[in-house]
Structures are given as structure tokens and as C-alpha cells.
Amino acid sequence: MREFSSPLKLQTYRESLEGSVGFVPTMGALHEGHISLIKRSINENDHTIVSIFVNPTQFLEGEDLDKYPRKIEADRKICELAGVDILFMPTIDDIYHGDELRIIAPKIKGYILEGAKRPKHFDGVLQIVLKLLHITNPTRAYFGKKDAQQLYLIQNMVRDLFMSVEIVPCEIVRESDGLALSSRNIYLSSEERAKALLISKSLKEASGLVLKGVRDSKRIKAQMLEIMRDIDVEYVEIVDRAFNLLDEVKIKDSIILVAARVGSTRLIDNIWI
Ligand code: AMP
């Protein structure tokens, strides 16, 4: 496995590669969710690049940027064992140049739901993803459906800017009890972890209701909130695949989204209907 921190050196090396290149951007503290994206990329491409970069511009004032888990040695081993060809771990100075061009997320879809709770978060996400896509120039880039709004905004950025990369959405990986894997799960105490399970439980209940024929968003959301009554829910919403709020679930065109705080840990999860 080759390692780069310099964007220019990686770009030069990438130009020399023949065949398809898959790219998996991450913030590290790699878990089975990340590994599923990495394995998919390895299966579908001649070369796979993984980046690890805790991007400061997507964290808001007062969020967990400083304490975000960093596990470089373990991550390096995971990448090596998985068969990653190139690990890209730039520093903040490698990526940002001070007073520079800024990306602003779409006015509406970038500022609802996650974007309303974390204003400007998606500005930072799109800024870093755009930079990383330019540096790595991949054939395909892999993103988890767990960050559904992020995935949607990245797909639209690629469309808006006429970029040729294929964005590949990947399924959410969960623990056997349903908890969606997240680097932030390590913040949870065992009691908090038990409470965090209510999020996936409520989503399972929602999909069960839909299977039984329930379509009314209000009724589904009320049932979910009842299940999550012991945690601090930030939002429960049902949207179509273009992130328009829905009063009625549309089969094969809905996503049910939850954001909640368990103790001081903020978690998101969703289910695609
Ligand atoms: P992060 O390191 O949290 O920025 O995540 C890097 C990529 O992994 C993003 O595309 C995430 O959506 C994806 N990801 C994170 N958790 C999961 C999960 N449990 N299942 C599938 N993909 C995930």
C-alpha cells in the first residue's frame, strides 16, 4: 500500500495509473461501515484510494472536532488488510490555503434537516469532497446511505458541475442488534448505547407500519417518537429521494430520517423505503 500526504504527489501518481480508480473518502476511525465501502471499491475497480481526513470546515463551533476519534495505526492496518492500493492522509495545511474560494451548499436542500441543525455543515462537506475528487480524479466514488442528505447533495454537486465521476451509494452497515455503525458510537456509555438502539428500533417499526399499508407520515412519525421518548430527538422526517418533505410515504421513493442526541452524542440514522 502506498501512502501520500501531498495532494500534488498523489495527483502525479494517479495520472500514471491505468484502468479504473475507486475512491472512498473517510474521516478515519474505520469500522465495518467504511470497510464495506472499501471492499466494494476494490471489487469494482482496478485501483482503490482511501482518504482519511478529519475535515475542520464541516464541524461547527462547539462540535466534536477536537475530540473526534483518531486511530491512524489501526486504520492503516485495516486498509492494508482490505487490499487498499493508496492511502491518502493529508494535513490541514496540505488541503487548505487560508483565504480561499468557498463552496456554498444549495440554499434549500443544503439548509434543511441536517443543514438546519448544523448550518454550513454541508458547505464544508461539499468543499472537501470537491477538493478530494479533484485530487484523486476517480472513476467511481463510494458514499454511505447512512449520510443520506450528504449523498444527495454530493450527487447533485457532481451533476451541477458536470463532473464525470460516478457516485456509488452504499447500504448502511449495522451491528447485529440494529445500531448503525458510526465512528461516534465509541462516545456512548453502555447505558447510552442501549438508549441509542431506540433509533434503529423506531425505524424498523416505521418500515413495519409501511409494510402493513400505513402511509400517513404524521402517524408513522408519532409512533417513532413514542418509541424514542427517552432520548432527545432533533428531528424525525419523511422525505422523497430528492429530499422534499412527504405527508404520505411513497413506496420506493421515501427515506425516513432521524437525528437524536443520546447523552452528549449526536447520532443520525435512516431507512430507505
Ligand atoms: P465518515 O468517516 O463518517 O465521514 O464516513 C465516511 C463514509 O462512510 C461516508 O460515505 C459515510 O456515509 C460512510 N459510512 C459511515 N457509517 C456507515 C455505515 N454504518 N454504513 C455504511 N456506510 C457508512
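The values are calculated or read from the model by the stated rules, or taken from the named source; none is laboratory data. These numbers come from a predicted model, not from an experiment. Here the Cβ is made from the backbone with ideal geometry for all residues, glycine too, and neighbour counts use every protein chain on show. All accessible areas refer to the heavy atoms of the entire protein, side chains included, with ligands and DNA or RNA removed. Shrake-Rupley method; radii C 1.70, N 1.55, O 1.52, S 1.80 Å.
Within the option set 159, 184, 193, being more than 14 Å from the ligand (Cβ to nearest atom) and either assigned to a loop (DSSP other than H, G, I, E, B) or within 30 Å of residue 45 (Cα to Cα) (or both) holds for one residue only, 159. Considering the conditions (1) in contact with a helix residue (DSSP H, G or I) (Cβ under 9 Å, 6 or more places away or on another chain); (2) outside any helix (DSSP H, G or I); (3) surrounded by 13 or more Cβ atoms within 10 Å (Cβ to Cβ), residue 67 is excluded by exactly one of them, (3).
Figure legend. Inter-residue proximity from segment 148-175: first residues charged (D, E, K, R), second residues within 10 Å of the ligand (Cβ to nearest atom) and not in a strand (DSSP E or B), beta-carbon distance below 8 Å, spacing 6+ or different chains. Indicated pairs: 171/36; 171/145; 174/181; 175/181. Can you run down the residue pairs with Cβ atoms below 8 Å, 6 or more apart or on separate chains, where the first is in segment 94-109 and over 18 Å from residue 135 (Cα atoms) and free of Cβ contacts under 8 Å to residues at least 60 places away in the same chain and the partner is in a loop (DSSP other than H, G, I, E, B) and open to solvent by 50 Å² or more (accessible area, probe 1.4 Å)? Correct list of pairs: 105/111; 105/120. When we screen 241, 266 for residues that are surrounded by 14 or more Cβ atoms within 10 Å (Cβ to Cβ), within 22 Å of the chain's Cα centre (by Cα) and not in a strand (DSSP E or B), the only hit is 241.
Within segment 38-45, is even one residue at positive phi, open to solvent by 20 Å² or more (accessible area, probe 1.4 Å) and either in contact (Cβ under 8 Å) with a residue 24 or more places away in the chain or not in a loop (DSSP other than H, G, I, E, B) (or both)?
So in segment 38-45, the residues at positive phi come out as none.
No, segment 38-45 has no match at all.
Among the helices (runs of 4 or more DSSP H) contained in segment 84-146, which hold 3 or more residues that are open to solvent by less than 10 Å² (accessible area, probe 1.4 Å), farther than 19 Å from residue 39 by Cα and at pLDDT 95 or above? Before you say what the answer is, go through the steps one by one.
Details: elements: 92-95, 114-117, 121-136.
So the answer is 121-136.
State all residues of segment 174-196 that are out of contact with any Pro (no Cβ under 8 Å at 6 or more places or on another chain), aliphatic (A, V, I, L, M) and surrounded by fewer than 17 Cβ atoms within 10 Å (Cβ to Cβ); if no residue qualifies, say none. Across segment 174-196, the qualifying residue is only 194. Is segment 51-60 home to any residue that is more than 23 Å from residue 130 (Cβ to Cβ) and either within 13 Å of the ligand (Cβ to nearest atom) or assigned to a loop (DSSP other than H, G, I, E, B) (or both)? Looking through segment 51-60, none of the residues is more than 23 Å from residue 130 (Cβ to Cβ) and either within 13 Å of the ligand (Cβ to nearest atom) or assigned to a loop (DSSP other than H, G, I, E, B) (or both).
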